[in-house]
Structure formats: C-alpha cells, structure tokens
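Visitor: Structure provided below as structure tokens; questions to follow.
Throughout, read-outs are computed from the coordinates displayed, never taken from laboratory work. Please read these numbers as outputs of a predicted model, since none were measured by experiment. No Cβ is skipped: glycine too gets one built from the backbone with ideal geometry, and neighbour counts run over all protein chains shown.
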Amino acid sequence: MRMIMLGAPGAGKGTQTERLAKHFGIPTISTGEIFRSNIKQGTELGVKVKAIIERGELVPDSLTCALVEDRISQPDCEKGYILDGFPRTIPQAVALDEMLAKRGHKLDYAANVDVPDEVIVERMAGRRICPSCGDSYHLIYHPPVKDGICDRCGAALAQRPDDAPETVLNRLSVYHRETQPLIDYYEKSGRVVTVDGTQPIDAVTANLVIALT
Ligand code: AP5
C-alpha cells in the first residue's frame, strides 16, 4: 500500500503513521523527521533548512521532492510506504503523481486526520519530544511513565523549537494556504479517507485501520 497522511500541524499524523506502519508492515517516510535529523547532524541540508523550519515556513518544493524521490527508490519501499508530511503543496502533489507514474505505481489513499485549529494549539503546547530517539509524547494525552524522561531511551524530553506559540500560528496559516487545498486535489480521484482526529489516539488508529482495510 502507498499512502499519504494529510492534516494540520499537530493533528496526529506522526503518531498515527507509526501505528499504521506497524499494522501494515510498511516503512514510514516523514519529511519533517528527515529535516530534523539533518539539522541535528549539522549536514549541508540541515544548515539550509534550519531557519526555514524554525520560522514555520515550508522548505522549497524542489529540495523536498528530490529527497522524497530518492527515499521511495530504496529497496525497503518496494512494497509500499506511508508518507507523513509530504506532499504539502499542489506542486509537490503533482510531482508525487509523476514519481509514482514513472514507477508504474499509484497512490492508494490520502488519509486526512481532521482536527480544528483550537485543539491544535493545545496539542502543540503539550507536545514533548525525545531529542535522542525522536519519540513523541504529550504532557496530558500521552505522558511518559517518568516525568520529562523518554520511556524508550531515558533521555530528557524537550519542546520542538517550531512548537513555540507564535510559530504554531504561522504553521497553521501556511497549512490552510498551501496544504489544505490538497484535500480537494485528492478528493477528485476519490482517494481521501477522513477521520475525526479529536478522538483518543487508539480510537483514531482503529478508525483509520477500518477505513484503510
Ligand atoms: P512536520 O514534522 O511534518 O510537522 P507538522 O506537519 O507540522 O506536523 P507535526 O509533526 O507538528 O504534527 P503531527 O501531525 O505529526 O502530530 P503528532 O503526531 O506529533 O514538519 C515540520 C516542518 O518541516 C514544517 O513546518 C516545514 O517547515 C518542514 N517540512 C516538512 N515536510 C515538508 C514538505 N513536504 N514541504 C516543505 N516543508 C516541509 O501529534 C502532536 C501532539 O498531539 C503530540 O504530543 C501527540 O502525542 C498528541 N496527539 C496526537 N494524537 C492525539 C489525539 N488523538 N489526542 C490527543 N493528543 C494527541
């Protein structure tokens, strides 16, 4: 299966992508994670994108598309994958269609995790991530067992720099302007599956699995 995750920043795309990937046995490709890991390692790409991401803007399409095309060409993507955070603009969606067509593949689903803006702001304020292994938590909805400590690797949890309140507002406005139109784009070919992302995490996963099976 080849699918993408749509939804506002903080809608729960990353959380659900991890769970769906385990369920369907396919890899996840998160452009946001790829960028964050490059920033952490101080690579040339990381240096290029750091300020853009911290302002809540989008990385240029050409850079992002090249990175995704390279990743979906890897052998572990042969049987399918879940794209989390890509495409995010109409030109990226068109580029993805071209990448797929070139390989004789098609996109099976665009899963849309629907969450209103006011819930998003609360989610971002409570999100904590592990800078070491990348695990994600929420102070109320998905707390670690030990306060401030990653369950998986024991590192101290931190807030993502782009989760600062003013950056979240900018990310939401970029989402409505650039990414929300993709729902219509994929609706036209009947590929959109929309779930209520305000439900508890397990319920959202269950609804997605039903809709995608
Ligand atoms: P990216 O990492 O993709 O960020 P995003 O889309 O803004 O999404 P988030 O990771 O913030 O949230 P999410 O929807 O995954 O929610 P999560 O599961 O963590 O991109 C970051 C940046 O990189 C972009 O701003 C851009 O600059 C750049 N970039 C990336 N891709 C790009 C592209 N294609 N083109 C150009 N630039 C690109 O959940 C959020 C919180 O809520 C967590 O704390 C979680 O525990 C909690 N939570 C989740 N589900 C629930 C629930 N059902 N109930 C209660 N709490 C929940």
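Visitor: Fewest first, what order do Asp162, Asp76 take by the number of other Cβ atoms within 10 Å? Walk me through the intermediate numbers first.
Guide: Numbers: Asp162 19, Asp76 11.
Ascending number of Cβ neighbours within 10 Å: Asp76, Asp162.
Visitor: Another question, if that's okay. From the phi of every residue in region 190-197, what ³J(HN,Hα) in whole Hz does the Karplus formula 6.51 cos²θ - 1.76 cosθ + 1.60 yield, where θ is phi - 60° and glycine or proline is x?
Guide: Per residue, the Karplus-derived 3J(HN,Hα) values read x, 9, 8, 10, 9, 10, 6, x Hz.
Visitor: Run through all the Cα pairs of the chain and give the fraction in each 5 Å bin from 0, expressed as whole percent.
Guide: Histogramming the chain at 5 Å steps yields 1, 7, 15, 19, 22, 19, 12, 5, 1, 0 percent.
Visitor: Quick one: which residues, 5+ away or cross-chain, put their amide H under 5 Å from the amide H of Ile149? H built at 1.01 Å from N.
Guide: Those qualifying (amide H under 5 Å, at least 5 residues apart or on another chain) are Leu157.
Visitor: When only Cα pairs under 8 Å and 6 or more residues apart are kept, what is the percent relative contact order across the chain?
Guide: On the way: 307 pairs, mean separation 63.5, N = 213.
Here the relative contact order equals 30 percent.
Visitor: Explain nothing, just the number: dipole magnitude of region 121-213 about its Cα centre with +1 on each Lys and Arg Cβ and -1 on each Asp and Glu Cβ, in debye rounded to the nearest 20.
Guide: On the way: 10 positive and 12 negative charges, 30 e Å.
Result for region 121-213 is approximately 140 debye, rounded to the nearest 20.
Visitor: Still on this structure, I have one more. Using the number of other C-beta atoms within 10 angstrom as an exposure proxy, rank Asp135, Asp196 with the fewest first.
Guide: Lowest count first: Asp196, Asp135.
Visitor: Around Val193, which amide H atoms from residues at least 5 apart in sequence, or from another chain, sit under 5 Å from its own amide H, with H modelled in the peptide plane?
Guide: Those lying under 5 Å, H to H, from Val193 are Ala110, Ala111, Asn112.
Visitor: Could you pull the Cα extents of region 1-77 along its three principal axes, largest to smallest, in whole Å?
Guide: For region 1-77, the Cα spread along each principal axis is 35, 29, 22 Å.
Visitor: Another one. Work out which trypsin sites (Lys or Arg not before Pro) in the chain are exposed loop sites (DSSP not H, G, I, E or B, at most 10 other Cβ within 10 Å) and give the longest gap free of them.
Guide: 1-145
Visitor: With charges set only on the Cβ (+1 for Lys and Arg, -1 for Asp and Glu), what does the dipole of region 44-109 come to about its Cα centre, in debye to the nearest 20?
Guide: That gives a dipole near 20 debye.
Visitor: Go through Lys48/Lys146; Lys22/Lys50; Lys13/Lys50 and tell me which ones have a Cα-Cα distance over 25 Å in this structure.
Guide: Values: Lys48/Lys146 36 Å; Lys22/Lys50 30 Å; Lys13/Lys50 21 Å.
Check vs 25 Å cut-off fails for Lys48/Lys146; Lys22/Lys50.
Visitor: Leu169 versus Ile149, label points 7 Å from Cα toward the beta carbon: distance in nm?
Guide: Inter-label distance under the simple model: 3.8 nm.
Visitor: For region 152-196, give the magnitude of the charge dipole about the Cα centre (Cβ charges: +1 Lys/Arg, -1 Asp/Glu; no others), in debye to the nearest 20. Let's see the in-between values first.
Guide: On the way: 6 positive and 7 negative charges, 37 e Å.
Dipole size: approximately 180 debye.
Visitor: Let me ask you something else. Quick check: the distance between the Cα centres of region 79-116 and region 1-32, to the nearest angstrom?
Guide: 11
Visitor: Okay, next question. Cα gyration tensor of region 133-209, axes a ≥ b ≥ c as square roots of the eigenvalues: rounded (a/c below 1.5), prolate (a/b > b/c) or oblate? Could the numbers behind the result be given before it?
Guide: On the way: a/c = 2.89, a/b = 1.54, b/c = 1.87.
It is oblate, given that a/c is not under 1.5 and a/b is not larger than b/c.
Visitor: Can you say what percent of the DSSP beta bridges in the chain, counting only those with both residues inside, are antiparallel? Round to 5.
Guide: Within the chain, antiparallel bridges account for around 25 percent of the total.
Visitor: Sticking with this one: Along each of its three principal axes, how wide is the spread of alpha-carbon positions in region 1-43, in whole angstrom units, largest first?
Guide: 33, 23, 15
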